[in-house]
1. What whole-number value in Å² describes the accessible area per residue of the chain for a 1.4 Å probe?
2. For the range 165-182 and the range 271-301, what is the separation of their C-alpha centers, rounded to whole Å?
3. Using only the alpha-carbon atoms, how far is helix 106-115 inclined from the longest principal axis of the chain? Give it as 0 to 90 degrees, nearest 10.
4. Just to confirm my numbers, what's the Cα centroid distance between the range 18-46 and the range 81-109 in Å?
5. Tell me the relative contact order for the range 18-104 as a rounded percent, counting alpha carbon contacts under 8 Å between residues six or more apart.
6. How long is the gain from Asp377 to Asp292 if the chain were fully straight, where each residue apart is worth 0.36 nm and the alpha carbon distance is subtracted?
7. Please identify every one of the trypsin sites (Lys or Arg not before Pro) in the range 88-118 that sits in a loop by DSSP and has no more than 10 other beta carbons within 10 Å of its own beta carbon.
8. Hey, can you rank 247-257, 168-178, 24-34, 341-351 by average C-beta count inside 10 Å, highest first?
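The values are calculated or read from the model by the stated rules, or taken from the named source; none is laboratory data. Being a predicted model, the structure only gives us computed values, none of them experimental. Cβ placement follows ideal geometry from the backbone for every residue including glycine, while neighbour counts extend to all protein chains displayed. Surface accessibility is based on the protein's heavy atoms, side chains included, excluding ligands, DNA and RNA. Shrake-Rupley method; radii C 1.70, N 1.55, O 1.52, S 1.80 Å.
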Amino acid sequence: MSLVVRDACVVTVRGGAVARRGEAHGALHVEPHADVLVEGQCIAAVGPGLVAPRGAEEIDARGRVLLPGFVDCHTHACWAGDRLDEWDAKLRGVPYLDLLRAGGGIHATVRAVRAASEEGLASALSARVARMLREGTTTVEVKSGYGLDADSELKMLRAIARVAKEGPGTVVPTALLGHAFEGDHDAWVRGVVDEALPRVSAEWPGLAVDAFCEQGAWSREACVSLFERARGRHPLRVHADQFHALGMVAEAVRLGARSVDHLEASTDADLGALAASPTFGVVLPGTGFHGDGRYARAGALVALGGAVALATNCNPGSSPTSSMPFAIALAVRFCGLTPAQAIVAATHHGALVLGLPDRGRIEPGLRADLALLCHTDPRALAFEVGGNPVEVVVCGGRRLVP
Ligand code: NIG
């Protein structure tokens with residue numbers, strides 16, 4: 001099956017599947033009045049006046065911006081229940097970590113997830129992924145982490161895998177084995193390392209493994225013990241410096257982690273170490289917006305030579321948004337990224353964080369995941385707040401939206 005997008009303003013990173021640093025972090029190639037020809041699932045050609053095969057579906061872009069589909073590389077989009085009652089407490093000023101320590105927060109969602117069936121989790125996730133597609137997200141990472149014990153974590157991963165199988169968008173599961181703990185911290189950690197991790201490795205070889213390094217969650221030593229065991233068999237990712245800089249960034253860099261996510265409380269030394277490494281910094285401005293107004297200094301990380309990816313952190317507690325356009329608008333206002341740097345972070349770099357070099361750019365041979373905006377200037381994507389600027393979505397070569 002063929003499809004052609006006519007007269008688009010194609011906006012994309014160009015070149016190979018490597019991280020863009022320094023000046024290159026914001027170097028977008030803009031090609032006005034270009035056509036994009038899609039054959040099957042892939043982009044076949046990009047340029048003006050392309051000849052399409054007879055019968056090809058045509059989309060007239062009328063000069064509007066065509067981006068690679070967004071890659072949301074950090075979400076907790078598989079959950080049950082809600083935390084709206086808890087939000088009342090947050091509005092009265094109760095901090096996130098106090099709620100967590102009192103058995104709420106992540107633990108409240110853990111109770112709801114344990115009570116839910118695999119089917120129920122899958123159907124709730126499927127509805128969220130469908131909404132993300134309408135917002136231009138064609139690839140989304142979804143973490144477990146609300147099960148905590150091995151059986152419940154595996155139930156979550158199976159629910160996520162079910163949705164991944166359904167398509168049409170790409171769903172990438174991550175085993176967030178160290179999100180919180182119950183009972184004695186050290187005994188809990190040993191249980192995860194000795195039981196849950198081997199079961200995940202057996203059923204999900206190569207799946208990324210993640211942990212939340214924070215006071216009241218997993219200690220740095222606990223995260224390191226999990227990662228030392230997982231290293232070599234699983235890409236490593238870590239939530240670090242969300243509230244406190246605990247030295248996890250340096251450890252993550254030493255362990256060769258794929259990404260360090262959050263970074264709101266990172267010191268200059270943390271950002272410097274991250275910038276000097278191949279590890280991505282993933283920033284999640286939805287969390288600062290919904291929470292306490294603290295944001296990662298992504299612009300500083302880029303200035304130091306770091307590679308930044310941007311994600312929604314969609315979850316029922318700290319970041320109730322699934323919109324990558326909104327994340328871009330926030331990252332430009334509060335994290336110090338330029339609109340172009342934010343677009344690179346939300347497409348090409350997100351794909352690299354997930355180990356998917358076949359997407360995130362508009363180039364022949366890559367997967368045809370495309371988002372056509374209502375705007376003719378890419379800066380308008382970051383300028384406008386609160387709406388959905390995505391008018392047409394092509395995913396794996398098929399027009400899905402509208
Ligand atoms: O990345 N910080 C840890 N995990 C999530 C929050 C999940 C939740 O509150 O349910 C985050 O912000």
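1. Per residue, the chain has an accessible area of 36 Å².
2. 21 Å
3. With rounding to tens, the tilt is 80 degrees.
4. Using only Cα atoms, the two centres lie 42 Å from each other.
5. 14 percent
6. Here the segment from Asp377 to Asp292 would lengthen by 27.4 nm.
7. Arg92
8. Ranking the peptides 247-257, 168-178, 24-34, 341-351 by packing returns 341-351, 168-178, 247-257, 24-34.
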